[in-house]
Amino acid sequence: MNCRFCKKPVYNKFVDLINCPPSNSFLTFDQLNEPEVYYPLTIYACHNCHLVQVEEYKKAKEIFNSEYVYFSSYSKSWVEHARRYVESMIERFGYNEKSFVIEIASNDGYLLQHFKEKNVPVLGIEPTHNTANAAIIKGIPTLIQYFGAETAHGLASEKRKANLLIGNNVLAHVPDIDDFVEGLKVALRKGGVVTMEFPHLLRLVEDCQFDTIYHEHFSYLSFTTVKKIFEAHALEMFDVEEVPTHGGSLRIFAKHQKDKDKEISPNVQAMLQKEEEAGITTTEYYLNFQERVDQIKYNLLNFLIEQKKAGKKVIGYGAAAKGNTLLNYAGIKGDDLIQFVVDASPAKQDKFLPGSHIPVYNEKKISEYKPDYIIILPWNLKDEIMEQLAYVQEWGCQFVTCIPEIQVFNPEPKETVELK
């Protein structure tokens, strides 16, 4: 395969998570006995531009379709993160009723609703019909289409360029990252600001967050590589922040290269240096990642088999994409080791996880079943979930996370026991 940015041949294998179905392809009961399509999930690191990427086996338009099941507003902590972001942007850049804010991959309006409350004009761009319609019901103007250079030129011709152009957890989701970033340049007003958030490749490697690898993520991003991609489209980084979401993400700030009104923060050079010192641009940085991933798989299987032998009841919480990567790589099938998974989203309930075919129910099932352990599959939301499910302490249930190692928690968030 050729690199999706620099177009050079890519041959350095980062990790192979074998074949599995796309993580958002939930099944109905009638589909359980039908053939399920599996795709390779092998990640490569480009030796030239250092972009870490998966080959596009399943097209983006097949993944982000009208049956897309992720609604951002079901996570209270994510909505609160968005609210704080809006407050910060208004305070820093002074956006008001004369500004225009565009969010790409705006989902169900989880973020733009906060700008709307401040009377800042907004526009969402979202390709999945069901989430876009949820935003429209909230009063968020939304274009139901994919974003790229063509969409951006359409906005420019309508004189709808953005003062602030937002993309949270979308940059990794686009197969043609060049076209996407060119669209950012075209859709950004003179003197405008681009902010993007994405999981940091450094954290993925350092904390062995392999479950954040799935078919919807076409790229795995470092600041060093994203800076190169933006510069190729006459966009310049002027700040970067580390944020705790998704196990450790970056929030980047970019502007037109011709815009000299914004000073370059020392954070930019500091982040470049941090990544260089970690070795993120070297082949050696990725060499033992596969072995670390395999150890997590073995630890999970050992834990589940031990509980099965002891007669303990184990369920999962959060039918998240990262959970599907973990379960499928571990080869867990059916309800033998994990009886079921609970999720807050009605779009996922009463269906079955792709690959593992574990059933998904609503939260009422927890009190009925009274499990001994709840594996928190979206471990990045551990504190939120533990607070929400604190009532399970009534029967002595404990929580479990698996990344980067098996940890068992009592319902009180600060009490933890490490299993060696």
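The values are calculated or read from the model by the stated rules, or taken from the named source; none is laboratory data. These numbers come from a predicted model, not from an experiment. A quick note on method: Cβ atoms are made from the backbone with ideal geometry, for glycine too, and the neighbour counts reach across all protein chains shown. In case anyone asks, the SASA skips ligands and DNA or RNA and just uses the protein heavy atoms, side chains included. Shrake-Rupley method; radii C 1.70, N 1.55, O 1.52, S 1.80 Å.
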Give me the number: length gained by fully extending Thr282 to Asn410, i.e. 0.36 nm times residue separation minus the C-alpha to C-alpha distance, one decimal in nm. 42.1 nm
Sequence-distant aspartates and glutamates (8 or more away, or on other chains) whose Cα lies within less than 13 Å of Lys260: Glu236
Under 15 Å from the Cβ of Leu287, count the other residues' Cβ atoms, weight Lys and Arg +1, Asp and Glu -1, and hand me the total. -3
Computed D for the range 223-294, Stokes-Einstein, Kirkwood radius over alpha-carbon pairs, 4 °C, 1.567 mPa s, to the nearest µm² per second, is 94 µm²/s
Looking at the range 82-156 from every direction and averaging, what is the projected area of its Cα convex hull in nm²? 4.8 nm²
A chain fully extended from Glu97 to Tyr391 at 0.36 nm per residue, minus the present Cα-Cα distance, gains in nm 101.4 nm
Over the chain, average the accessible area per residue using a 1.4 Å probe and give it in Å², no decimals. 43 Å²
Stokes-Einstein D for the range 1-140 at 25 °C, 0.890 mPa s, Kirkwood Rh over Cα pairs, in µm²/s? 136 µm²/s
Send over the per residue convex hull volume for the range 148-241, Cα only, as a whole number of Å³. 92 Å³
What part of the accessible area of the range 324-391, given as a whole %, is carbon or sulfur when the probe is 1.4 angstrom? 48 percent
antiparallel share of DSSP beta bridges within the chain, to nearest 5, in %, is 55 percent
Farthest toward positive dipole pole in the chain [+1 Lys/Arg, -1 Asp/Glu at C-beta], among Tyr286, Gln269, Ile144: Ile144
Area accessible to solvent at Met237, 1.4 Å probe radius, in Å²: 10 Å²
Hull surface over four for the Cα convex hull of the range 123-190, reported in nm², is 4.7 nm²
Once the dipole of the chain is set up with Lys and Arg at +1 and Asp and Glu at -1 on Cβ about the Cα centre, which of His114, Ala347, Gly311 lies farthest towards its positive end? His114
Once phi is turned into ³J(HN,Hα) by the Karplus curve 6.51 cos²θ - 1.76 cosθ + 1.60 with θ = phi - 60°, what whole-Hz value does each residue of the range 393-407 show in order, with x for glycine and proline? 5, 4, 10, x, 5, 10, 9, 9, 10, 10, 10, x, 8, 5, 10
Would you mind counting up the charge near Leu204? Only other residues with Cβ under 14 Å from its Cβ, with Lys and Arg at +1 and Asp and Glu at -1. -2
Table column - 3J(HN,Hα) (Hz), the range 150-156, Karplus curve with 6.51, -1.76, 1.60, x for Gly and Pro: 5, 4, 5, 5, x, 5, 5
Please work out which option in (i) 21.5, 66; (ii) 22.7, 69; (iii) 24.3, 85 gives Rg and Dmax of the Cα atoms in Å calculated from these coordinates, and answer with its label. (i)
Along the chain, longest interval not containing exposed GluC sites (Glu not before Pro), exposed being DSSP loop plus at most 11 other Cβ atoms within 10 Å: 264-414
About its Cα centre, the chain carries a charge dipole, from +1 on Lys and Arg Cβ atoms and -1 on Asp and Glu Cβ atoms, whose size in debye to the nearest 20 is 740 debye
If I histogram all Cα-Cα distances within the range 153-206 using bins 10 Å wide from 0, what percent of pairs lands in each bin? 23, 47, 23, 7, 1
Can you tell me the Rg and Dmax of the range 251-393, counting just the alpha carbons, in angstroms? 20.9, 66
Taking R0 as 51 Å and r as the Cβ-Cβ distance between Lys364 and Lys260, the FRET efficiency 1/(1 + (r/R0)^6), rounded to the nearest 0.05, comes to 0.30
Once amide H atoms are built 1.01 Å from N in the peptide plane, which residues 5 or more positions from Tyr361, or in another chain, come under 5 Å H to H? Val341, Val342, Asp343, Asp350
Find the lysine pairs in the range 80-184 meeting two conditions, Cα atoms under 17 Å apart and a separation of 8 or more places or different chains, and report how many there are. 6
